[in-house]
1. Using the crude model of +1 on Lys and Arg Cβ and -1 on Asp and Glu Cβ, and no other charge, please compute the dipole size for the stretch 60-199 relative to its Cα centre, in debye to 20.
2. Can you find, among Ile51, Pro140, Phe171, the residue sitting farthest towards the positive end of the charge dipole of the chain, where Lys and Arg contribute +1 and Asp and Glu -1 at Cβ?
3. Identify, among Met84, Phe119, Gly26, the residue whose Cα sits farthest towards the positive end of the charge dipole of the stretch 3-129, taking +1 on the Cβ of Lys and Arg and -1 on the Cβ of Asp and Glu, with the dipole about the Cα centre.
4. Kindly write out, for the stretch 84-100 in residue order, the coupling ³J(HN,Hα) from the Karplus curve 6.51 cos²θ - 1.76 cosθ + 1.60 (θ = phi - 60°), rounded to whole Hz, with x marking Gly and Pro.
5. So what is the calculated 222 nm ellipticity per residue for the chain, using -39500 (n - 2.57) for each DSSP H run with n of 4 or more, over all residues, to the nearest 500 deg cm²/dmol?
6. Give, in nm to one decimal, the length gained when the segment between Ile45 and Ala69 is fully stretched (0.36 nm per residue of separation minus the Cα-Cα distance).
7. How do 133-144, 22-33, 168-179 rank on mean C-beta neighbours within 10 Å, highest first?
8. State, to one decimal in nm, how far the label point of Leu151 lies from the label point of Leu82, with both points 7 Å from Cα in the Cβ direction.
Amino acid sequence: MFNIQGLLFSIPALIIAIVGHEIGHGLVSYWLGDETAKRDGRLSINPLNHIDPMGLLFMVVFRFGWAKAVPINPMYYKNRKLGMILVSLAGVTVNFLFAIVSAFLLLLASRNQWAIAPFFVELLWYNTMLGVFNLVPLPPLDGSKVLASLLPRKWEYMFYQYERYFYLLLFVLVVTGVISGVIGPVVSGLLNFFLSIAYKVVL
């Protein structure tokens with residue numbers, strides 16, 4: 001049974017993390033000369049433009065999930081491979097920046113006994129988790145696009161040719177808890193790292 005009170009904090013935190021992640025992709029692509037995401041409304045802060053129902057369900061149930069893929073056209077980039085890497089890492093970067101800010105706000109909220117402190121716990125966790133999870137080199141996650149862009153053109157083509165099979169693999173790894181077991185320690189380590197930075201500054 002879901003904790004209704006907990007969902008009141010976790011759902012808004014999750015939406016902020018997702019929207020920030022996706023806007024990051026679209027914005028960097030736009031800066032590189034591609035207006036595809038902008039035309040599709042993916043630079044908007046409207047959550048409905050970014051949320052994938054199945055990905056959101058996985059977020060709530062398994063605490064790992066995804067959003068709608070941001071439409072981009074790498075042909076607009078002066079350097080296609082570098083552009084793909086920058087765009088792919090943009091969402092992760094936004095999540096980690098949000099996580100650091102969340103850590104500061106959490107310490108301030110806890111120090112002053114604000115009732116909103118649990119919200120910052122969720123915001124910190126979701127942003128850290130999304131950042132790490134999306135670095136996994138399996139489609140449709142961002143890490144797979146970084147990996148593909150680093151491969152020679154022939155291997156890159158083969159990677160994308162068979163990427164649909166990796167979707168099923170990712171689904172199985174999430175449901176069976178393998179992904180959680182692999183990235184869990186990384187998420188925990190980053191959480192402690194972000195909190196230690198905030199602690200040194202705030203206190």
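1. 420 debye
2. Most positive-ward Cα: Pro140.
3. Met84
4. Using θ = phi - 60°, the values come out as 4, 5, 5, 5, 5, 7, 4, x, 4, 4, 4, 4, 5, 5, 4, 5, 5 Hz.
5. Calculated mean residue ellipticity at 222 nm is -24000 deg cm²/dmol.
6. Residue separation times 0.36 nm, minus the Cα-Cα distance, leaves 7.1 nm.
7. 22-33, 133-144, 168-179
8. So the two model labels end up 2.3 nm from each other.
Bear in mind these aren't lab numbers, they're just calculated from the coordinates by the rules spelled out. Just so you know, these numbers come straight off a predicted model, no measurement behind them. Note that each Cβ is placed from the backbone with ideal geometry, even for glycine, and that neighbours are counted across all protein chains shown.
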